[in-house]
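The values are calculated or read from the model by the stated rules, or taken from the named source; none is laboratory data. Every value quoted in this text rests on a predicted model; they were computed, and no experiment measured them. All Cβ positions, even for glycine, are placed from backbone atoms using ideal geometry, and neighbour counts span all protein chains on display. What goes into the accessible areas is simple: the full protein's heavy atoms, side chains included, and nothing from ligands, DNA or RNA. Shrake-Rupley method; radii C 1.70, N 1.55, O 1.52, S 1.80 Å.
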Amino acid sequence: MTEYPHLLSPLDLGHTTLRNRVIMGSIHSKLEDRAKDVPKWAAYFAERAKGGVALSITGGISPNRTGWLLPFGGTMNSTRIADRHKVVTDAVHEHDGKIAMQVLHAGRYGYHPFVKGASTRKSPISPFKPRALSTKEVDQTATDFAKASKLAQRAGYDGVEIMGSEGYLINQMLAARTNTRTDAWGGTAAKRMRFPVEIVKRTRELVGDDFIVLYRMSLLDLVDNAQSWEETIELAHLLEEAGVSIINTGIGWHEARVPTIVTSVPRAAFAPLTARLKAAVSVPVVASNRINTPEIAEQILADGQADLISMARPLLADPDFVTKAAEGRADEIITCIACNQACLDHTFKNQRASCMLNPRAGFETELVLLPTRKVERIAVVGAGPAGLAAAVELAGRGHEIELFEQAPEIGGQFKLAMEIPGKEEFKETIRYYRRMLEVRGVKVHLGTRALVSDLTGFDQVVVASGVEPRIPTIPGIDHPSVVTYQQVIGDRVPVGQTVAVLGAGGIGFDVSEFLLHEPDESVEDWQERWGVVDPSLEVDGGERGGLGTKVLAPPRRKVYLLQRKTSDLGKGLGKTTGWVHRQTLKDSGVEMIKGVTYDRIDDEGLHLTQRDHDKAEPVEILVKADTIVLCTGQESVRDLVDGLEASGVPTHVIGGADVAAELDAKRAIKQATELAARL
Ligand code: NAP
Ligand code: SF4
């Protein structure tokens, strides 16, 4: 008996069977673009197939050069390239998995000067103005999709996924917002739909019946002047007739200003819409977006909302997700917390995608943790992200580990992060580490401040004692209205109605959200806040693409977010998440002031001077704040280091204890894992 009978049940597609309902959705790993990376790419997919994934989908491969996402991006247009991909497909088949190649034409999202799209309309997220594909070129592009699919078949792929969502070329051809054509490919909804339908028809003709053709359909465009729900369903019917085997779902164009996958989007928020599509078609339908645990995936399938579940980031985080669920070890799964820090933020910066919580993702052949040949007794001091990762990975290699933590619980800075509304997922990381400390037999000393004398008997010591808030030198800093972020989030000290938050890094933004919003937001409240409406309830062609008007609750208090730099606030936040944080605070009326000097704090509040390059003269401002919260960075806690080094015990300093500037969990966990691989 399994807890996940639906998730683990096979799916018969007629000519072939998927061994369970888990699809690894496409994510651009950056390993698909260069021939030299093929062995790494193969190892990456092999690890997921070994972990039980039924069907993996590659990152987008262009059918021709015009469709490149980036210059010299992965292209499938020759038998030579197809034969190179055999290394990848063989590696997956060795573990009884299946793999489909995603065919993606970027259209106007291409990041190169010779982009072509449905029309000459430039995308708001790209610097390049596209040229419009000619009538003949559109026709040729549809054929190129089919030819790329045929080559994928030669390469040993079990199928292809035609990328028809997220705002890429197919979406651009489907939406009146981008398709202003008057030829055979535009002008009416029916003509706009011809492009994807021709692609699928021509693909099916070339690949025959015994090949999986998935189509990733945009269920909700979340941009103006996009497809209506009626058109979406009509397209689904046409695609079925044209020969798709499976319809996958995508939510939101990349240029949409509604978040669709970040951690603050409630889990499975879009599954009900997938259910409506499923009710309208007879081919299997895939649910995606913010599905990150076997429980949620099972529930969606058990409720009949979808036939398959697509997870991309959750399988980056844990390639053994399926095996662990099947073996009753779901509590050992590294749950993706939808932070995007090492996956999509990397992809969009043209770096290799990995995972903050699993730095081996994408580095399977480079970051290898083999069983140790010489078992040592190693002490790890500090149970924040760095110390936890070090303890768990070192124990996994067979070392005898003791972990010392002065707080009564493990978690460090993650204990604070999980209190932030929209970051509740961080609880899962603490759950994972807590369980793995047990599974790997780490001896944990909580509420114990380790002294040098406690540690000198170990063979090696890892110092991961973390950070403490930086207290800046400002006249009046000892005023009773001043508190640190740790006191506000961790100790829940009372906070007044008008608050000045000093420092607008990740923590300043987090504290502002903590002061303004409630945790565990419902799907309905989230939809209202972002103006997401049910497109299937459109009346008389009303709101299209699921985009309506935001309904914003009055803010709980007045927050001023301040920084000394003159750059816009939040510039340093994540590439794919920063805009969400900025918009959220803007919608809550937060006043963001840059270019300030903190003059003094007294009973009146915070006195500051603003020097903004937009204004000629400095302006003196009094923020009549009841509470002033310091989010002004951190200092390393390293009191043990000198003593340990003097004692001669080999000592390694990692995480915030090593470098507090630019501290982040991604670096801390990677550093800990790399150290664990070496010791
Ligand atoms: P941070 O990014 O270094 O921000 C601290 C801010 O405080 C600086 O931007 C700086 O801005 C200001 N500051 C520094 N020294 C100061 C001083 N002596 N007096 C007054 N202001 C001072 O650090 P953080 O916000 O503490 O976050 C720590 C790390 O956690 C981040 O690097 C990030 O990686 C991670 N994190 C990320 C997120 C996220 O992405 N959502 C959330 C939480 C934490 P000015 O000098 O311009 O005022
Ligand atoms: Fe998930 Fe964050 Fe890892 Fe990306 S980096 S896979 S979002 S946990």
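Points to keep in mind about this one:
- Which listed residue, of Glu468, Glu518, is of a type in the set (D, E, K, R) and farther than 30 Å from Ala256 by Cβ: Glu468
- The helices (runs of 4 or more DSSP H) found wholly in the range 153-254 and carrying at least 2 residues that are closer than 15 Å to Val138 by Cβ occupy 169-174, 189-207.
- Options Gly648, Gly643, Gly595: the member that is within 15 Å of ligand 1 (Cβ to nearest atom), of a type outside the set (A, V, I, L, M) and farther than 29 Å from Cys339 by Cβ: Gly595
- The condition (being within 16 Å of ligand 1 (Cβ to nearest atom) and not hydrophobic (A, V, I, L, M, F, W, C)) is satisfied by just one residue among Ser354, Ser310: Ser354.
- Among residues of the range 355-375 that are farther than 17 Å from Ala46 by Cβ and modelled with pLDDT of 95 or more, those with a beta-carbon under 7 Å from a residue that is within 16 Å of ligand 1 (Cβ to nearest atom) and open to solvent by 50 Å² or more (accessible area, probe 1.4 Å) at least six positions away or on a different chain give the pairs Met356/Gln341; Met356/Lys666; Pro359/Lys670.
- Unmet criterion (only one of (1) in a helix (DSSP H, G or I); (2) within 22 Å of Glu424 (Cα to Cα); (3) open to solvent by 10 Å² or more (accessible area, probe 1.4 Å)) for Cys339: (1)
- Yes/no for Asp642 being charged (D, E, K, R), away from ligand 2 (no atom under 16 Å from the Cβ) and part of a strand (DSSP E or B): no
- Cβ-Cβ under 8 Å pairs, at least 6 apart or on other chains, the range 482-506 side closer than 20 Å to Gln413 by Cα, far side of a type in the set (Asp, Glu): Tyr485/Asp510; Gln486/Glu468; Ile489/Glu419; Ile489/Asp510; Gly490/Glu419; Gly506/Asp664
- Residues in the range 93-130 that are basic (Lys, Arg), assigned to a loop (DSSP other than H, G, I, E, B) and within 27 Å of the chain's Cα centre (by Cα): Lys122 alone.
- Residue satisfying condition, being more than 16 Å from ligand 1 (Cβ to nearest atom) and crowded, with 24+ Cβ neighbours inside 10 Å, within set Val368, Val381: Val381
- Pairs linking a residue in the range 261-272 that is more than 17 Å from Val580 (Cα to Cα) and open to solvent by less than 10 Å² (accessible area, probe 1.4 Å) to a residue that is at pLDDT 95 or above and in a helix (DSSP H, G or I), with Cβ atoms under 8 Å and 6 or more positions apart or on different chains, are Ala271/Ile300.
- For Gln172: the one exception among (1) more than 30 Å from His15 (Cβ to Cβ); (2) out of contact with any Gly (no Cβ under 7 Å at 6 or more places or on another chain): (2)
- With respect to the conditions (1) within 16 Å of ligand 1 (Cβ to nearest atom); (2) surrounded by 24 or more Cβ atoms within 10 Å (Cβ to Cβ), Arg290 lacks only one, and its number is (1).
- Against the conditions (1) assigned to a loop (DSSP other than H, G, I, E, B); (2) open to solvent by 20 Å² or more (accessible area, probe 1.4 Å), Ile420 satisfies every one except (2).
- Test: Thr232 is open to solvent by less than 10 Å² (accessible area, probe 1.4 Å) and either within 19 Å of Thr576 (Cα to Cα) or under 28 Å from the mean Cα position of the chain (by Cα) (or both): yes
- Test: residue in the range 616-630 that is within 31 Å of the chain's Cα centre (by Cα), more than 16 Å from ligand 2 (Cβ to nearest atom) and surrounded by 15 or more Cβ atoms within 10 Å (Cβ to Cβ): yes
- For the range 86-111, a residue qualifies if it is more than 19 Å from Asn171 (Cα to Cα) and open to solvent by 10 Å² or more (accessible area, probe 1.4 Å), and the qualifying residues are Lys86, Val87, Asp90, Ala91, His93, Glu94, His95, Asp96, Lys98.
- Number of positions in the range 123-142 that are out of contact with any helix residue (DSSP H, G or I) (no Cβ under 7 Å at 6 or more places or on another chain) and either surrounded by fewer than 22 Cβ atoms within 10 Å (Cβ to Cβ) or among the basic types (Lys, Arg) (or both): 13
- Check on Cys339, touching a Leu at 6+ places or on another chain (Cβ under 6 Å) and within 16 Å of ligand 1 (Cβ to nearest atom): no
- Any chance Ala661 is within 10 Å of ligand 1 (Cβ to nearest atom), within 19 Å of Pro469 (Cβ to Cβ) and either of a type in the set (Val, Ile, Thr) or not in a strand (DSSP E or B) (or both): yes
- Any hit, the range 310-318, residues being assigned by TED's automatic domain parsing to the domain that holds Val286 and charged (D, E, K, R): yes
- So Lys415, is it open to solvent by 20 Å² or more (accessible area, probe 1.4 Å) and either part of a loop (DSSP other than H, G, I, E, B) or of a type in the set (S, T, N, Q) (or both): no
- Residues that are within 16 Å of ligand 2 (Cβ to nearest atom) and either within 21 Å of Glu364 (Cα to Cα) or part of a helix (DSSP H, G or I) (or both) do not occur anywhere in the range 270-293.
- The sole residue among Leu585, Leu569, Leu562, Leu608 that is more than 28 Å from Thr347 (Cβ to Cβ), in contact (Cβ under 8 Å) with a residue 60 or more places away in the chain and open to solvent by less than 30 Å² (accessible area, probe 1.4 Å) is Leu562.
- Candidates Ala325, Ala391, filtered to the one that is under 22 Å from the mean Cα position of the chain (by Cα), more than 16 Å from ligand 1 (Cβ to nearest atom) and surrounded by 23 or more Cβ atoms within 10 Å (Cβ to Cβ): Ala325
- Of the residues Asp318, Asp307, the single one that is within 12 Å of ligand 2 (Cβ to nearest atom) and in contact (Cβ under 8 Å) with a residue 40 or more places away in the chain is Asp318.
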